[in-house]
Amino acid sequence: MSNSVISVISRFLEEYASSTPNKLKVIDAYLLYIMMTGALQFLYCLLVGTFPFNSFLSGFISCVGSFILAVCLRIQINPQNKGEFLSISPERAFADFQFAHTVLHLVVINFIG
Amino acid sequence: MYPFEGLFSLLVLSMVLKTQALTPTHHLTTTDVARLQAVLSQPFTDLKSAYYSVVGLSKLGILVADADETCQFIKSNLDPSSVESLFYAAEASQALSGCEIPVSNDTRDLLLATVSEDSTASQIHQSVSALSSLGLPLASQEVVSALKARISKEDNVLTIILALQTASRLSQQAELGDILEEIEDLAARLDDLSGVYLQFEEGLEATALFVSAAYALSDHVDMEPPLKEDQVIQLVNSIFSKKSWDSLSEAFSVASAAESLSNNRFHVPVIVSAQGPAAISHSQPFLRLQVTDVLCQPLSSASVLVESASTSTSKSAILSQAPFTLREEVFELNFMASQPASGYYQFSVAIAGDSRFVANHVELKVKVSTRVAINNMDLSVVDKDQSIGPKTTRVEYPTKAKASFMADSHQNFAMTFQLVDETTGVELTPHQTFVRLHNQKTGQEVVFVAEPDSKNLYKFELDTTERKTEFDSISGTYALYLMMGDATLENPILWNVADVVLKFLDEETPSTIQAKTLYTPKPEIQHLFREPEKKPPTVVSNAFTALVLSPFLLLLILWFKLGANISNFTLSPCTILFHIGHAAMLGLMYVYWTHLNMFQTMKYLAIIGSLTFLAGNRMLAQKAVKRYTISWTISITWPLSVVWAPPKCIL
């Protein structure tokens with residue numbers, strides 16, 4: 001059982017490393033960064049306490065929101081999905097990504113106290 | 001027929017009974033009359049005030065002090081061309097003795113000419129009065145017709161009052177019947193205020209002038225005015241309820257009303273008042289009543305009679321038909337001679353002697369007070385199980401018992417006494433009989449009520465165990481007082497009867513000695529602000545800050561490994577502007593966090609954001625074009641390169 005899991009994971013990693021374009025890998029690295037930041041914030045909240053609860057929430061939601069927007073960007077940029085996003089060029093996806101981030105950060109900074 | 005008559009007689013009876021009940025509630029006292037006189041005696045400044053003063057004082061029966069000076073004043077201020085001036089002068093000089101106003105033919109003609117339909121009622125009144133006072137002839141019938149025409153034109157109250165006054169100066173042969181009827185019409189216009197007052201809405205002066213005019217005319221024609229007794233009393237209440245007068249004319253009107261009500265031929269209201277409080281005792285056995293008219297002049301011709309005197313509770317009459325005797329203008333009756341018991345009595349008094357008297361049945365409440373004596377005051381200490389007989393000590397008022405009494409939990413302290421009327425020996429039950437125990441050391445006092453039993457013997461028992469709570473279980477010597485009082489007692493009593501030593505079980509510590517601290521200031525409440533929440537130690541916070549920032553390092557490392565670079569960075573202006581704008585937006589976020597509020601941020605964001613958007617749009621468009629041309633070039637050149645390749649390859 002564990003054997004097959006390990007073999008599946010290693011094959012997945014091989015495929016990933018070879019067939020994913022560089023641009024997507026850059027975005028994936030960014031996604032990993034965001035996820036770790038969010039996880040560490042959550043860990044702090046669990047361990048130490050929720051004292052400035054609004055700050056915790058705004059930080060966590062910033063991570064979650066950024067993650068989602070980056071995933072959206074990745075989907076729209078992916079050349080394999082070109083058929084589904086005919087009207088949205090990669091530049092347009094990036095511009096949307098920028099604008100959404102502006103709004104998200106406005107709300108986050110407002111809530112962070 | 002018979003039921004109708006019965007109903008009618010019942011109505012008359014009820015009306016008669018009603019009229020018997022009303023007596024004046026407001027009247028002038030001697031001080032009020034003196035005040036009225038003082039107002040009218042003020043030095044006068046012009047002819048009008050001279051008229052009010054002189055004539056007003058004459059109505060009160062007082063002569064002006066310096067008649068000659070006044071006469072000179074009148075003569076010098078007279079304006080023979082004015083009807084009003086002539087009126088004031090004529091009336092004032094009539095009131096003074098030996099004052100003659102010289103009259104010329106012109107004056108007479110002027111006055112006679114004023115008597116016509118075209119003059120106002122006041123002008124007619126003034127000219128007729130002047131003519132009559134100066135002794136000049138006048139044509140009464142002309143006056144009557146002028147007055148009637150005036151009344152039909154102006155129907156207000158003052159006009160009719162002036163018409164009545166004028167008619168009283170005319171000859172008795174004239175036809176005054178129509179004008180006489182106006183009295184009744186005018187009386188119907190009076191406002192009845194809660195059955196006590198009757199007055200015109202025009203005010204006090206109009207009401208007073210109406211009264212004097214109505215009685216003047218009624219006396220003149222010798223016909224009783226159509227005013228019921230109740231109405232007369234209500235008019236008295238209205239006119240004499242005001243005890244200080246705003247103007248000279250108001251004072252004058254009150255004086256003339258008072259004079260007409262005390263001197264006319266038909267109705268004389270009688271004012272009955274007790275001299276001092278209506279209270280009788282052995283030291284003061286006479287009930288004194290003052291019977292006067294409205295001007296506080298005593299009615300010596302009256303005979304005063306007590307129709308019945310009874311206590312408030314029982315209806316049996318103690319006195320019946322007992323006359324008062326007149327002594328120095330005061331009617332008095334020796335009520336104590338009938339030996340009444342102390343209490344309140346209802347007197348029904350009738351004043352006879354003149355058929356003109358109005359409100360001559362009066363109800364009075366008279367108090368009879370007495371002195372109380374305490375008999376058979378016995379103090380004893382009784383054992384609870386009654387094994388040992390009680391020791392009784394008799395104490396005489398106002399001495400104090402020599403020995404003090406001891407009472408502890410096995411004994412009761414008892415007190416009995418009797419209260420009697422000093423003179424008659426009748427037993428009394430005053431309203432307040434209290435027994436007060438006063439602890440001299442602590443200042444504490446406890447009060448109990450002594451109750452009489454069926455034989456009117458007062459008893460008081462003190463059970464130390466039962467009454468522990470009232471005393472707060474504080475043992476000690478208590479001074480015993482007997483307190484007695486009543487409205488009908490002349491000698492209220494506070495008597496220190498004895499000293500009682502009380503012993504209580506379970507004596508509490510004397511911490512409760514101080515007076516109950518109900519009214520001392522309470523301890524101050526300090527406001528506690530909300531405690532700030534506990535923060536984790538700085539070490540932990542710093543460690544986690546570093547931890548949370550560490551994935552950024554990881555990101556940089558990964559990007560470096562992946563070969564992410566900025567080699568495609570074109571240095572066109574819009575690119576630079578876009579990046580600057582973007583950096584500015586991030587900077588704005590930081591400034592928003594530290595300094596600004598949402599509105600300011602939105603403002604700046606709008607500016608920076610639109611710049612960034614335009615620049616970014618341009619930049620991305622350029623990038624898109626570049627990418628597209630590259631991809632187009634590749635897509636075109638590649639097939640071409642295949643087509644245009646040297647044939648060698650195909651071979």
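The values are calculated or read from the model by the stated rules, or taken from the named source; none is laboratory data. Source: prediction; values computed, not measured. Using ideal geometry, Cβ is built from the backbone for each residue, glycine included, and neighbour counts are taken over all protein chains shown.
General remarks:
- Taking the range B:103-132 as the range and being in contact (Cβ under 8 Å) with a residue 12 or more places away in the chain and not in a helix (DSSP H, G or I) as the test, the residues that pass are B:Val103, B:Ser104, B:Val115, B:Ser116, B:Glu117, B:Ser119, B:Thr120.
- Of all residues in the range B:428-475, those satisfying the criterion of being within 17 Å of B:Asp486 (Cβ to Cβ), touching an Asp or Glu at 6+ places or on another chain (Cβ under 8 Å) and exposed (fewer than 15 other Cβ atoms within 10 Å of the Cβ) are B:His431, B:Gln432, B:Asn456.
- Of all residues making up the range B:78-100, the number that are crowded, with 17+ Cβ neighbours inside 10 Å and part of a helix (DSSP H, G or I): 12
- Unique residue being under 39 Å from the mean Cα position of the chain (by Cα), at pLDDT 85 or above and within 22 Å of B:Ala257 (Cα to Cα) when the list is B:Ser122, B:Ser212, B:Ser168, B:Ser194: B:Ser212
- If you go through the range B:605-639 and keep only what is within 12 Å of another protein chain (Cβ to nearest Cβ) and surrounded by fewer than 16 Cβ atoms within 10 Å (Cβ to Cβ), you end up with B:Ala606, B:Ser610, B:Leu614, B:Asn617, B:Ala621, B:Gln622, B:Ala624, B:Val625, B:Lys626, B:Arg627, B:Tyr628, B:Ser631.
- Screening B:Phe569 with (1) crowded, with 18+ Cβ neighbours inside 10 Å; (2) out of contact with any Leu (no Cβ under 8 Å at 6 or more places or on another chain) gives one miss only, at (1).
- For the range B:519-542, filtered to residues that are in a helix (DSSP H, G or I) and at the interface with another protein chain (Cβ under 9 Å from one of its Cβ atoms), the residue that is farthest from A:Cys63 (Cα to Cα) is B:Val540.
- Any helices (runs of 4 or more DSSP H) falling wholly within the range A:1-98 and containing at least 1 residues that are away from every other protein chain (no Cβ under 12 Å): A:2-19, A:53-77
- Leading residue by the ranking (farthest from the chain's Cα centre (by Cα)) among those in the range B:543-575 that are small (Gly, Ala, Ser) and more than 11 Å from chain A (Cβ to nearest Cβ): B:Ser567
- Count of the range B:289-315 residues which are touching a His at 6+ places or on another chain (Cβ under 9 Å) and either part of a loop (DSSP other than H, G, I, E, B) or farther than 20 Å from B:Thr23 by Cα (or both): 2
- B:Arg327 modelled with pLDDT of 80 or more, in contact with an Asp or Glu (Cβ under 7 Å, 6 or more places away or on another chain) and within 30 Å of B:Gly61 (Cβ to Cβ): no
- Of the residues in the range B:166-178, not one is under 26 Å from B:Pro24 (Cα atoms) and surrounded by 12 or more Cβ atoms within 10 Å (Cβ to Cβ).
- With respect to the stated conditions, B:Ala187 fails to be part of a helix (DSSP H, G or I), farther than 30 Å from B:Ser241 by Cβ, small (Gly, Ala, Ser) and assigned by the TED database to the domain that holds B:Val83.
- Remark: pairs (first residue in the range B:231-246, within 9 Å of B:Leu198 (Cβ to Cβ); second residue part of a helix (DSSP H, G or I); Cβ separation under 6 Å; 6+ apart in sequence or on different chains) = B:Leu235/B:Val211; B:Ser238/B:Thr207.
- Test: residue in the range B:529-547 that is within 27 Å of A:Pro90 (Cα to Cα) and buried (at least 16 other Cβ atoms within 10 Å of the Cβ): no
- Some residue of the range B:441-457 being under 30 Å from B:Ala341 (Cα atoms) and β-branched (Val, Ile, Thr): yes
- Of the residues screened, B:Gln432 is one that is in contact with a Gly (Cβ under 7 Å, 6 or more places away or on another chain) and modelled with pLDDT of 85 or more.
Rundown of residues vs (1) under 30 Å from B:Thr601 (Cα atoms); (2) within 16 Å of the chain's Cα centre (by Cα), yes/no style:
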position: A:Ala70; (1), (2): yes, yes
position: A:Ile77; (1), (2): no, yes
position: A:Gly83; (1), (2): no, no
position: A:Ile88; (1), (2): no, no
position: A:Ala100; (1), (2): yes, yes
position: A:Leu106; (1), (2): yes, no
position: A:Ile112; (1), (2): yes, no
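- Members of the range B:101-131 that are surrounded by fewer than 16 Cβ atoms within 10 Å (Cβ to Cβ) and touching an Asp or Glu at 6+ places or on another chain (Cβ under 9 Å): B:Thr120
- For B:Val196, the test of being surrounded by fewer than 22 Cβ atoms within 10 Å (Cβ to Cβ) and touching a residue at least 60 places away in the same chain (Cβ under 8 Å) is passed.
- Some residue of the range B:579-599 being away from chain A (no Cβ under 12 Å), over 30 Å from A:Val48 (Cα atoms) and surrounded by 10 or more Cβ atoms within 10 Å (Cβ to Cβ): yes
- The range B:248-288 - residue that is in a strand (DSSP E or B) and farther than 22 Å from B:Glu490 by Cβ and, of those, farthest from the chain's Cα centre (by Cα): B:Val268
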